[in-house]
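Here is the structure we will look at, set down as structure tokens.
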Amino acid sequence: MSNSELILSIRNLTVKYRSRRGYVNALRNINLDIYRNEAIGIVGESGSGKTTLALAIIRQLPNNARIVSGSIIFYNDGNKVDLLTMNYNEFRHYLWEKIAFVPQGAMNSLNPVLKIRDHFIETVKAHNPDASKEEIVRKAREVLKITLLDPDRVLNSYPHQLSGGMKQRVMISLALILNPAVIIMDEPTSSLDVVSQKIILQNLKDIMRMFNVTMIIITHDMGVVAEVANRVVVMYAGKIMEVGDVESIFYNPLHPYTQGLLKAVPKLRGETELYSIPGEPPDLVNPPSGCSFHPRCPFAMDMCTINEPSLKEVNKGHLVACFKYET
Ligand SMILES: Nc1ncnc2c1ncn2[C@@H]1O[C@H](COP(=O)(O)OP(=O)(O)OP(=O)(O)O)[C@@H](O)[C@H]1O
Ligand SMILES: [Mg+2]
């Protein structure tokens, strides 16, 4: 990466959910630095805490969530602010204007009784009441073109008149219209057909090129990561297991969990049977002792059942939490 200016710095972030069965340990001591203008992929099986991490950054965790500890520093034009402790009224200006979020299943969150044009107008007016409708529509046309949508058709449509893939691209355009510094996308391609997926991945690459924007792409799909990310974070059971640039993760995966995830990527042709990591992700109300992956790990040693490995740098910029690499 040419630029290594920090934009977000997450420290010791621990989040629990209250549930009938007890506390769900959704995020456990997350430490992560994110740099300006990078595309970082966050991968992990269902329930690993990916969405919780995104919701913590944008302060939209549900009511039964509790941030037990941690800070999320945002580097804002030379100033450092802690997103978690700043006054919520002030934070509201960060949402969309600095940090935009495209939620999981975003395409279903468009208001069915509003034309797409009005979604753009409402979004911009909420942050900039003086903006003129003409100016908003002009900008909306620009961002729609980037997502390869026909502005004339789309602006005058109601959500139900668009396909799932088109709605998802509308959501990405809405996230771009206020020129945020960071855009977080939660499963931007899941539940779409293969053609729509391809278009969106291409769009994301174009957006990277055309905007100065930091992208955080959450996905369970290593293929999506390979396509758009330059750095990868691998999560398991609420912890970060491995972080590295995309080449290191794909060509030299260190964590046995990452190795398993990569084996589970469907090949384009040939392979008939898809590998999946044996076993199930753990119950986060009662996570396993020691390394939370040890019950599924082919390399587990005695110490892995007792002690928890911490994230350590093994090669430059390549970090892993695994005792195999601590000797
Ligand atoms: N509102 C909630 N109340 C209680 N537990 C929750 C809540 N939301 C999530 N969880 C639990 O927290 C853990 C992390 O969930 P999260 O949604 O962050 O995972 P994820 O990695 O985004 O999964 P997926 O790939 O399925 O979207 C899971 O064990 C989940 O069951
Ligand atoms: Mg999720």
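Counting the residues of the range 174-194 that are more than 19 Å from VAL143 (Cα to Cα) and more than 15 Å from ligand 1 (Cβ to nearest atom) gives 3. The residues listed here are ASN31, ASN37; of these, the one that is at pLDDT below 95, more than 8 Å from ligand 1 (Cβ to nearest atom) and outside any helix (DSSP H, G or I) is ASN37. Inspection of the range 248-258 identifies at least one residue that is under 28 Å from ARG296 (Cβ atoms) and within 16 Å of ligand 1 (Cβ to nearest atom). The residues listed here are LYS139, LYS80; of these, the one that is within 17 Å of SER173 (Cβ to Cβ) and out of contact with any His (no Cβ under 9 Å at 6 or more places or on another chain) is LYS139.
Residues that are within 16 Å of ligand 2 (Cβ to nearest atom) and within 16 Å of the chain's Cα centre (by Cα): list the helices (runs of 4 or more DSSP H) wholly contained in the range 184-294 that include at least 1 such residues.
Qualifying helices (runs of 4 or more DSSP H): 222-228.
Taking the numbered list (1) loosely packed, with under 15 Cβ neighbours inside 10 Å; (2) more than 16 Å from ligand 1 (Cβ to nearest atom); (3) charged (D, E, K, R) in turn, ARG66 passes all entries but (2).
Taken together, ARG153, ARG231 contain a single residue that is more than 16 Å from ligand 1 (Cβ to nearest atom), within 22 Å of SER9 (Cα to Cα) and either of a type in the set (S, T, N, Q) or modelled with pLDDT of 90 or more (or both), which is ARG231. For the range 122-131, give me the residue count where each residue is more than 20 Å from VAL154 (Cβ to Cβ) and not in a helix (DSSP H, G or I). Number of matching residues: 3. Listed by first and then second residue, the pairs linking a residue in the range 144-171 that is hydrophobic (A, V, I, L, M, F, W, C) to a residue that is outside any helix (DSSP H, G or I), with Cβ atoms under 6 Å apart and 6 or more places separating them unless they lie on different chains, are MET171/VAL102. Within the range 11-23, does at least one residue satisfy the condition of being of a type in the set (S, T, N, Q) and within 16 Å of ligand 2 (Cβ to nearest atom)? No, that holds for no residue. Restricting to the range 76-101, and then to whatever is of a type in the set (A, V, I, L, M) and within 26 Å of SER132 (Cβ to Cβ), can you tell me which residue is surrounded by the fewest Cβ atoms within 10 Å (Cβ to Cβ)? That would be LEU95.
The values are calculated or read from the model by the stated rules, or taken from the named source; none is laboratory data. What you are looking at is a predicted structure, and each value in this text was computed from that prediction instead of being measured. Every residue, glycine as well, gets a Cβ built from its backbone with ideal geometry; the counts of neighbours run over all protein chains shown.
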